[in-house]
Each structure stands twice: as structure tokens, then as C-alpha cells.
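Quick note: the coordinates plus some simple rules give every number you see, no bench work behind them. Here the structure is a predicted model, which is why all the values come from computation and not from measurement. Positions of Cβ are generated from backbone atoms using ideal geometry, with glycine treated the same way; all protein chains shown enter the neighbour counts.
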Amino acid sequence: MSTEDRNNVNPEATEVEEVTEEKLNEQRQIRREKLKKLQAMGRNPFLHERWDIDAYSEDVKSKFEEMEGKTVSMAGRIMANRHMGKASFVDLQDRDGRIQLFISRDAITPEEYDIFLTYDIGDIVGVVGEVFKTKRGEISIHVNKLVLLSKSLQVLPDKWSGLKDIDQRYRQRYVDLIVNSDVRETFRKRTQIIHEMKRVLEEDFGYLEVDTPILTTIAGGANARPFETHHNTLDLDMKLRISNELFLKRLIVGGLDRVYEMGKMFRNEGMDKNHNPEFTSMECYYAYENMEKTMEVTEQLVSKAALKATGSMVINYQGKTFDLTPPWRKLDMTDAVKEITGVDFHKIDSDEECRKAALAYMKDHESALTEEEINSWTRGKIIAEFFEEYVEDVPGYLDQPTFVMGHPVEISPLAKRDPQDPRITRRFEAYINGWEIANAFSELNDPIDQYQRFAEQQAQLDAGLDEEAHPMDLDFVNALEVGLPPTGGLGVGIDRVIMLITDAPSIRDIILFPTMKPE
């Protein structure tokens, strides 16, 4: 067929036939029979080990002017077939996207063409052909060599219904990635975001990337319930880490002045759209710096990651717009409680008076907090719980990037006390869209104070009053006695940041294989 002929071929035809449940078993059996016939002909596709690739779909499309008329070698998955007698149009999907193939009987021989007509949607092929543009303006490959590299024995979801069952998409992410281009783009952006964050840490701030243990005997560094396991050789009960904070601060003691680690953490807690028991966190520690420096690091990490992935520091998430451009708003926790509830805990010093004020407010307002809980809490604990109960859920209040500061000592066992008010700490949490995306301290480096706070938390743990409290870690206290310099520490919830930047409604949409209940 001449170039003129192939330019005039009408590619209109139905693509993937909609497959009902009743047809699935039949079609799977038909595919297996096709495979047997190919194997009997000496064409077993599963014997191929490699295919030379010198171009991808986006390369050909973006550089068409320089590639027109050139021969390229490509490979990918058949996503649509349009057969018209002696010629066919095929949509080939490769790493970068899709491109149209023009396959004619004359170009690949009648025998090869007849075999090609038995290929199915989902089959993986290698092709060699010439780059051209059809009369309709579609950049295509005129194939002169076609090889089946792998036979798909399953039936892919059809073009129109797609893979829409949410649980099925998460369970069979490999199919989700094939049929949903936006899902592939989300995970490309995830990689871009992570690489940019690492670049900012290493090139802009001079951090060193390190690795610390995932299996530990003490799951410290955060308030959370750990997963537990057992080491058979040592006959030792162990836990999966809930944080790597205490290991990283040991490295600061050892003289590695700026360290970071990005990796998996594990918390044996509930699952919802913002929580997965296995998640990605980044923690970094900066010797001889403070909370304010970690604010700068936080702003740069998030804003530059968004810029890299989207081209802008202004992002859109589920119909809302957020401006990530530094500097971000700063808000005191007790001031926020006063603004929303009218209760001014700044003016109340004693635990007893704080309890009275809290109970008086709760009497006229709905609350998940109970009188029994309030009567067991200190002033700082009440302020923190009031913030969580009454401030965090106020629509729009913590939408734009905000640093919330002034956390009470009672809920900040690893943070340095504020020299102006020893009841609070030099700590902040960063919020966007009402979500906490980062937590940071001017790190506590007083070993005596640290021991006392650990002891108080251990007492809560032993009494069964707080099963998520920090356990005592005597080796960490020993490290502090060796000497921890003034240090700014930061932890960022990478998955939540990626959700915001990629406009993903659930954390499961940005984790390749989220935790699922077995079917």
C-alpha cells in the first residue's frame, strides 16, 4: 500500500468490545487456545527476553519534524484494534503514552498479518516502522516488523466502563495503571515530588541522606501504637518503627550535623482517606539551628515540590485553591483556641481553673470530650484537646498554609521548652487544608528534662492511661548525656503533601499498593 493509500484509510471502527461477566470465562479460554496455537507454530511469545527500544511515543510526537520518515523500534501494549481488511490501525501504549500504528498486509507479509489478526487487546508487541502523519493529522508508525512479546490471558476493562470499582482499582493496581492514564500521571508526579524534596534538602540546605532501622525494640519518637513482631533467632519481641526521630538525633550527637531520612513508617491504627498503616515520612535534623529554620525548610520543601510537579506554587485541591508561596501564616495554639471558643487560657494558670473553664464551655457546646477526661487532664493537655476538638475542624480556618505554635509541654515530650513560657515548647505543626502535614521542634537536648518526661510518659503507658505514650528509651537519654547540640528537627507527612499536590481525594490514590482487607 502506498503512502497516499495509507493516508486515506478511514480509521473509524469500534475499539474494545464491552465485555459482560458472562463472556469473561469464554474469552479467557479463547485467549489460551490462541496461545496454544502460537506455541504449536513455534511462536511462543514467552520465550522472548528482550526488544531493542530506541524511541517512545512522546519522543516521536514531540520531535515529529526531526523524526518524520525515520525508522524507529518501539514496544508496548495493544490498547485498541481497528481492522479494515488488508490494513489495521492499532493504539500502542508504552511507558510515556499512546501512539497509533498502521499495519498493512503488504508491509509485514500476508502470513504475518493473518497471525496479527489473532492478537488481542492487552497483548504486548515489539514493532519496527517508519514515522509518518496520516491525512487526518495523526502521528503514526507504519509498521514493517511486528513481534508478539507477551500474550495477555486476561480481559482488560473496556474503554468506556474502565476500571471504576474503587477497591478493585487498589487491589489490581497493575490494571489500574494500564487503563487509567491519570493514575499513571499521579505516580509520575509522586516520583517528581520526592526527588525534588530530596534535591532541596541536599542541594539547598546541605543535608545528608541516611538509613536507620525499621525493626526496633523500642518504637519511640512519636505517640502511636506500633506493629509487633518476633525475631526467632534472638527470641526477641520487636516492633516496626513508628518514627525514626530518636535514631536520627543520635546521628547528630555523633557529629553528622545535617541528616535526613525518607522512608516507610508503620502505625497500627485506623484507616481512612488520610491514613494508611504503612506510610511515607521524611524526618530531618539540622544541628545549631532552631524552629524558625525548620519553618524555612518546610516552606521550601512543599512549595518547590509543588512547583516542580505542577509548574506553580498555587495548587488546586478538590475545588479549593491554596497558595504555598512562602512565607506562611504563623498562629499560636492558645490564641487560636481563644479566637474560636472565647476561652482565654493565657489568663488561667492552674489546672483546676482550666478544668472549670473547659467544662463551662463544653456545657453549652457539643463535644466528644467527657467530664471524666477533662478532670484527669492538666492545663496544657486541655488546651491541646480544645484545639483538636474545636479549632481543627472549623471550615477554612486552617486551609491556607499555617504554622501552629505554642504546643504545651505535656504533649511535646521531645521539644525544647520556650524560655519565655516554660509551660509550652518551641514546636510547630504545619497545616494545609486543615490537615497536619508537618511537625517540628527546637529539639530538647537536656538529658535530665528528657528523662523526667520519658518517666511521666512511661507511667501513663504502664498505668494503661495512654497506650500510645512514649516509652522510656534509656540509650537515647545516654546519647543526650554525651551531648546533643542545639538542633532543629522536622517531620513531614510525604503522602499527605503528595495528595494535595496531585489533587488525590484519598491517600490510597497516591500509594501504589495500599493496605486492603483480604477479599
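Decide, for the chain, between rounded, prolate and oblate: order the square roots of the alpha carbon gyration tensor eigenvalues as a ≥ b ≥ c, take rounded if a/c falls under 1.5, and otherwise choose prolate if a/b is larger than b/c, else oblate. In terms of gyration-tensor shape, prolate.
In order along the stretch 421-436, the phi-based Karplus estimate (6.51 cos²θ - 1.76 cosθ + 1.60, θ = phi - 60°) of 3J(HN,Hα) comes to 8, x, 6, 10, 10, 8, 9, 9, 10, 9, 10, 9, 6, x, 9, 6 Hz; Gly and Pro are listed as x.
Residue exposure proxy: His470, His365, ordered by other Cβ atoms within 10 angstrom of their Cβ from fewest to most, comes out as His365, His470. As a proxy for reagent exposure, Asp94, Asp421 were ordered by neighbouring Cβ count within 10 angstrom, fewest first; the result is Asp421, Asp94.
When Ile498, Ile121 are arranged by Cβ crowding within 10 Å, least crowded first, meaning fewest neighbours, the order is Ile121, Ile498. For the peptides 237-246, 324-333, residues were scored by their other Cβ atoms within 10 Å and the scores averaged per peptide; the highest-first order is 237-246, 324-333.
Can you list the DSSP H helices in the chain whose Cα atoms extend at least 20 Å along the helix axis and whose mean Kyte-Doolittle hydropathy is -1.0 or higher?
Values: long enough: 21-40 (30 Å, -1.97); 181-199 (27 Å, -1.44); 291-310 (28 Å, -0.17); 447-462 (22 Å, -1.29).
Once both thresholds are applied, what remains is 291-310.
In a DSSP loop and with at most 15 other Cβ atoms within 10 Å, the trypsin sites (Lys or Arg not before Pro) in the stretch 21-99 are Arg43, Arg50, Lys63, Lys70, Lys86, Arg95. Counting only DSSP beta bridges whose two residues both lie in the chain, roughly 90 percent are antiparallel.
In the chain, the DSSP-assigned H stretches of four residues or longer account for a calculated mean residue ellipticity at 222 nm of -10000 deg cm²/dmol, using -39500 (n - 2.57) per stretch and the full residue count as denominator.
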